[in-house]
Each structure stands twice: as structure tokens, then as C-alpha cells.
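The values are calculated or read from the model by the stated rules, or taken from the named source; none is laboratory data. Computed from a prediction, not measured in an experiment: that's the story for all the values here. Every residue, glycine as well, gets a Cβ built from its backbone with ideal geometry; the counts of neighbours run over all protein chains shown. Accessible surface is based on the protein model in full, side chains and every heavy atom, while ligands, DNA and RNA are left aside. Shrake-Rupley method; radii C 1.70, N 1.55, O 1.52, S 1.80 Å.
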Amino acid sequence: MFTRNPAGLAALLTFVLSAAMVFAQAPNLGKPVSPAEIAAWDINVLPDGSGLPPGSGTPADGARIYTAKCSACHGPEGKGGPSARLVGGEPVKNMSSEKTIAGFWPYSTTLFDYIRRAMPWQQPRSLTNEEVYALTAYILSQNQLIGERDAMNAQTLPKVRMPNRDGFIVRFPDRTP
Amino acid sequence: MNKTPSDRIKRELTDLQAVAGNGLLHRRALLRGGAALAGAMTGYTLLPSALGQQLTDDAWSRVPGSTVPDYGSRSRFEKDVVRTLSNPKGEPRTQHARTPHHLINGTFTPNGLHFVISHAGDPDIEPDKHRLVIHGLVKQPLVFTLDTLARYPMVSRMAFVECGGNSAPLFSPQPIQASVQALHGLVSCSEWTGVPLSTLLDEAGIDPKAKWLIAEGGDSPHLSRSVPLSKAMDDAMIALYQNGERIMPGNGYPMRLLLPGWEGNMNTKWVRRIQLTEGPGMTFYESRTYAAILPGGKAYQFYFMQEVKSFITHPSPGLAMKGPGFYEISGIAYSGYGRIAKVMVSADGGKSWAQAALQEPVHSKAFTRFRAPWRWDGGPAVLQSRAWDEAGYAQPTRTQLVAARGETAQVPPVTAFPSQHYNAIVSWSVERGGEVKHVYA
């Protein structure tokens, strides 16, 4: 396609340039990835329980794992050591209050999510899903938020209602202009 | 009797009209007075022949200098300009490194002095092996390498990053005596360069149901935070460069999420995964650590914005005044809502105010250096700065902030974080001898 018409050439050039710009805005270099490929990283758990894996664990199982892998930092029975206590605590009153799991955390799913991604501190991602369920069950039961024999799994955990569930004022987006 | 040039300067200085109480001069006094006057404003150059010695060639000027290194570092005489570390042995708890704002100047933070908070140390990430995954409510989940991201059209912008807990010692009922570094060192400002996050999300194809994303780091706590999709599509960036070089390990090497103006902890460092979701994840850091308890016991959730704020860096506690005379009051102002519109400075504890000069260009959501010339008469003075942003918000007084948010019952340790998002006016008292103290005024 050759043309001697300058307007036509200009139009063609404009087309080529804008096509290049569209291309420049979207190089499309991301590689498609399958759920199986990202499974090991796909660890977010949401308050409705989505993202919770198969498996189950009881407070009794959790107690054993806790003593072996957690008590050095969080103290015997979770009452606190060099790191935060995981058991006990009052409802919060003001900024001087301690933010404990029983007194402050709004969602039980956060406990599973956080232990699975970050604990034990020096060796995160080393626990099996069963172990994380068991530890979650142990901590919830020590806090008397579930019974001593209640197993935690993808169905039961999201149903555990935390005492401070309604203790929050959502700030976003009220002051965004 | 002949008038010497310094007599003339002295007279001009005395003639300068104070525009606010206790010696605050017009912000353009320096410019109007010309170069000689500007020199005199330092307060140390008024004496005739102050030198009192003859200049000779110094030793270093009589031999060739050292070999230029392949990567430069600052003069050995500057080795004391460093961050302060809260956990220098890397014990199993969070580490904080605070920026020495009283020892630097300008509007950018040098990379080695940028503040760092690492909840379990800085990971040693191999850039070729690092991956960024975008998945969840998208048409096509995608994975990116650093090499592929480096081929995308990039943007550069100035942006401050501030920890939600910066300035938390000021929730104390008594003013804690500490440097500006200890009190306000968890904020820094850089030029960040990288790929707009919207480009990558568009490429993956956003499901209309998606309203949030959860960003996760490749550090050992796999730190995760929920971010509204609206922010991601507005000005969020996958940042690859910090002040022109690759991001520092402590600031997220090889890539971090940058959310200009929003709570530091959300600007996920070492970002490896972004999942689009309908709702927030209620992760540990958003539902516990960065939820601020209010008087009465309710707590703010999702307090994302780092609101308009300023503080004076020169003078400040630890930088003693060296005798009466002329000083430049200088500090930094910033707002997550956009540009700084105005900074006012007071030398009499807020009774009267003078407008400070703003260093141009004033960037949105970035440090703005403000300056005000001041003639200190040697008597007591209380210095304050107050900033306004282009959205119309004014920096609150401490009384206003405490009324809304409370204060601690006892004086907390200076390293504690009783609450977050403290942006009230800060007051430095200049004592008769020149010592600078932190006060509530």
C-alpha cells in the first residue's frame, strides 16, 4: 500500500503511532499461570472462610504442637513470654489496653491465616494445614471461645464469633475527598 | 566614622520587619536583602574578620586525592549521620530504623537513611527468582518476573512513605524528651520509579466483582494487607527503583507496592502476590496492629490516609542554638491528600504566625521543605509549624487530636506504639541558653 497523498500518509503515520502507543501501554508480558502452579502461595484466608484448606485439628493436638513449637516465645499455655500472650486479656478500653486475641481480634479466620503465613517466627510455612488448624483450635479453646473438644476446620472456624467483632469503626472511605 | 559593610548588614537586619511575634521575619527577607544579607542570616558571619587567622594550603590540597571508588559513599566525617536501630541484634521481634531528620536537609531521603520497619528482618531475595503473581478475581491469572516488568512503560514520582505509628510517642500525656529522629523518624521520602499497578491489573482483566486486593510480601512473615481496588487503579505502583537505583533491601528489593500517601505498612515490600477479592482479608496487621483504639474502646479500622502533617527539623531537640542572631527555621510538611498548600510558623507558641516559604516544586504526596527566617533574641521561644493541604485539611492542634483520639495513661517508652496516625502540631521550646526541648503548647 503506497500513497502519494500527503494527508493519507499523515493519517497512516498517526495510525501507526497510536497503535504503537496502545502497544506501549500494554506490553502483555505477563505469563498465564494455573491455580496448581500457585497453590503453595495461595494462602489468603478471608473472614467468610474462603481460602481455608481441607483438614481439621483439635485443641488436644494443638496443645502438643504448641509446647514444642510456640511456648518458647509465647510462654507456657500461651500466657506470654518474650512475645505476646495468645491467651487471656480484657476487652479493650482505650489505647493503653493490650490488644489480645480474645479482647480485640475481630475475626477467627485471621488466626489461621496469620499462624500459617508467619509462625513459628523462625521457621514460617513449616506447619501442615492440619497443624495450623490444631494450633488455632488450641488457642481458641484456651481463650474459651470454643469447647475443649471442638475441632476446627473450613466449616467450623469461620463460625467462631470473636467477642470484639463489633468493636470497630470503619474509617475508609469516609474522609477521602 | 566609616561604616563597614558588616555595620550596614547589621542595620539592614535590625530594620527587617518582623511579621510575627518573637522575631519571625518575612519569608522572603533573605531574597530581598541580597547575598550579603543572606550570608549574615546564618548568625555567625557578622563579626568583622571573624576568621582571625591566615589561610594556608591544607594538607589534602597538596597531594592528589584517593582513587575514585566504583560505588560512592559519603565522607568519613559524616559517619555519625545514621539511622537509630530499635533491635540491633535482630532478636525475634520487629526492627525499626529511624531517619535522622535533624542531620539531613532537602526533600529526599538518601537511600541508606530511609526508615525501615521489618517484622522479621530483611529477606535476601535473588532478583531472578523473584515472581509477582496476580490472581483471584481476574480473567487470566498472570506471573511476572523482574525482567518482564522492566520492559513495561514506567513512571517516576516523588512520594513519602510514613509508618502509621510514626510520632506515636506524642500520645504520651507528658512531652517525651527525644530527638526529631526518635519522635518522627518513621517517615521518609524518595523518588520511586516503576510500573503503574493499573497496567498489570488491566492486563490480567479485572472481574467486575473485585473491589479489593490483598498484597503479600516474599518476606518470612509473608506480610499481607488489603487495599481497595480504587486506590490500586488510581496511583498505585509496583516500584522497582528508589532515587534512581534499585530499591534497598530494607525497602522492598526487588519490588514493592507503592500506595502514595497511604499508611506505610500497606505499601507491601518484597511484593510477590496480589489477589483480587470482593472484600478485605482482615489480615493480622489491619485487624489488629494498625487498628487504633479510641477513647471508649471502639477502634478505627482501615485508617489508610496519612493526613496533613509538618514538623520543624532545624532547630530541634539535640541541635542547640549557638547564641542569639539569625537562624533559618526549617522543616518538612506532607499530606496523603495531595500537595501542601501552606505552612505557617510560630515562634511564640501559636499566638502569632508567619507564612513559611515552600521549596518549589511542591509535589503531591511528597515532602515539602518549608523555611522561615528568624531573629532569635536569646530569650525563651516556642517554635511550631502548621500545614494545610490542597484538599483543605489543616494540621490539628494537639488538643484537638487528643480530644478525638485520646492519650496514654502513663508516659510510654519512646519506642512504644500506643496508637497510630498522630499528625498534630509539634512544639519545640528554645530555652534561654539555646537548648531545644519538646513541649506541649
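Pick out the one residue from A:Ser83, A:Ser126 that is among the polar types (S, T, N, Q) and either surrounded by 20 or more Cβ atoms within 10 Å (Cβ to Cβ) or in contact with a helix residue (DSSP H, G or I) (Cβ under 8 Å, 6 or more places away or on another chain) (or both).
On inspection, the qualifying residue turns out to be A:Ser83.
Pick from B:His102, B:His130, B:His114: which is open to solvent by 20 Å² or more (accessible area, probe 1.4 Å) and either modelled with pLDDT of 95 or more or within 24 Å of the chain's Cα centre (by Cα) (or both)?
None of the others qualify; the one that does is B:His102.
Identify the single condition in (1) within 20 Å of B:Gly106 (Cα to Cα); (2) among the basic types (Lys, Arg); (3) over 28 Å from the mean Cα position of the chain (by Cα) that B:Lys139 does not satisfy, given that it satisfies every other one.
All conditions are met except number (1).
Please state which one of B:Ser156, B:Ser179, B:Ser190, B:Ser172 is open to solvent by less than 20 Å² (accessible area, probe 1.4 Å) and more than 12 Å from chain A (Cβ to nearest Cβ).
B:Ser190
Kindly indicate the residue of the stretch B:225-244 that is in a strand (DSSP E or B) and out of contact with any helix residue (DSSP H, G or I) (no Cβ under 7 Å at 6 or more places or on another chain) and also nearest to the other protein chains (Cβ to nearest Cβ) among those meeting that condition.
Filtering the stretch B:225-244 for residues that are in a strand (DSSP E or B) and out of contact with any helix residue (DSSP H, G or I) (no Cβ under 7 Å at 6 or more places or on another chain), the one nearest to the other protein chains (Cβ to nearest Cβ) comes out as B:Pro228.
Here is a list of conditions, (1) part of a loop (DSSP other than H, G, I, E, B); (2) away from every other protein chain (no Cβ under 14 Å); (3) not aromatic (Phe, Trp, Tyr), and B:Ala97 meets all of them except one; can you say which number that is?
For B:Ala97, the exception is condition (1).
Return the pair list, or none, for Cβ contacts closer than 7 Å from residues in the stretch B:385-406 that are free of Cβ contacts under 8 Å to residues at least 24 places away in the same chain to residues that are crowded, with 19+ Cβ neighbours inside 10 Å, at least 6 apart or on different chains.
B:Leu401/B:Tyr422; B:Leu401/B:Ala424
Among (1) open to solvent by less than 30 Å² (accessible area, probe 1.4 Å); (2) modelled with pLDDT under 95, there is one condition A:Gly88 misses while meeting the rest; what is its number?
All conditions are met except number (2).
Tally up the residues in the stretch A:121-177 that are farther than 24 Å from B:Gln301 by Cβ, away from every other protein chain (no Cβ under 14 Å), in a helix (DSSP H, G or I) and not charged (D, E, K, R), please.
Final tally of qualifying residues: 8.
Checking the conditions here, which among B:Gln275, B:Gln242 is open to solvent by 10 Å² or more (accessible area, probe 1.4 Å) and over 30 Å from B:Pro373 (Cβ atoms)?
B:Gln275
Can you tell me how many residues within the stretch B:362-377 are within 16 Å of the chain's Cα centre (by Cα) and assigned to a loop (DSSP other than H, G, I, E, B)?
Qualifying residue count for the region: 6.
To keep it simple, each residue is scored yes or no on (1) of a type in the set (D, E, K, R); (2) part of a loop (DSSP other than H, G, I, E, B); (3) in the same structural domain as B:Ile329 (by TED's automatic domain parsing); (4) under 17 Å from B:Met344 (Cβ atoms).
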residue	(1), (2), (3), (4)
B:Gly379	no, yes, yes, no
B:Val382	no, no, yes, yes
B:Ser385	no, no, yes, yes
B:Gly392	no, yes, yes, yes
B:Pro396	no, yes, yes, yes
B:Gln400	no, no, yes, yes
B:Thr408	no, yes, yes, no
B:Val411	no, yes, yes, no
B:Pro418	no, yes, yes, no
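Taking the stretch A:27-62 as the search range and keeping residues that are assigned to a helix (DSSP H, G or I) and open to solvent by 30 Å² or more (accessible area, probe 1.4 Å), which one is nearest to the other protein chains (Cβ to nearest Cβ)?
Restricting to residues being assigned to a helix (DSSP H, G or I) and open to solvent by 30 Å² or more (accessible area, probe 1.4 Å), the top hit is A:Trp41.
Do any strands (runs of 3 or more DSSP E) entirely within the stretch B:287-342 hold 1 or more residues that are within 14 Å of another protein chain (Cβ to nearest Cβ) and without any contact (Cβ under 8 Å) to a residue 24 or more places away in the chain, and if so, which?
Output list reads B:299-301.
Considering only the stretch A:129-149, state which residues are crowded, with 24+ Cβ neighbours inside 10 Å and within 15 Å of A:Leu86 (Cβ to Cβ).
A:Val132, A:Ala134, A:Leu135, A:Thr136, A:Ala137, A:Tyr138, A:Ile139, A:Leu140
Among the residues of the stretch B:193-213, is there at least one that is under 19 Å from B:Thr107 (Cβ atoms) and either surrounded by fewer than 24 Cβ atoms within 10 Å (Cβ to Cβ) or in contact with a His (Cβ under 8 Å, 6 or more places away or on another chain) (or both)?
Within the stretch B:193-213, one or more residues are under 19 Å from B:Thr107 (Cβ atoms) and either surrounded by fewer than 24 Cβ atoms within 10 Å (Cβ to Cβ) or in contact with a His (Cβ under 8 Å, 6 or more places away or on another chain) (or both).
With the structure loaded, tell me whether B:Asn87 is surrounded by 14 or more Cβ atoms within 10 Å (Cβ to Cβ) and in contact (Cβ under 8 Å) with a residue 24 or more places away in the chain or whether it fails that test.
Against the criterion (surrounded by 14 or more Cβ atoms within 10 Å (Cβ to Cβ) and in contact (Cβ under 8 Å) with a residue 24 or more places away in the chain), B:Asn87 does not qualify.
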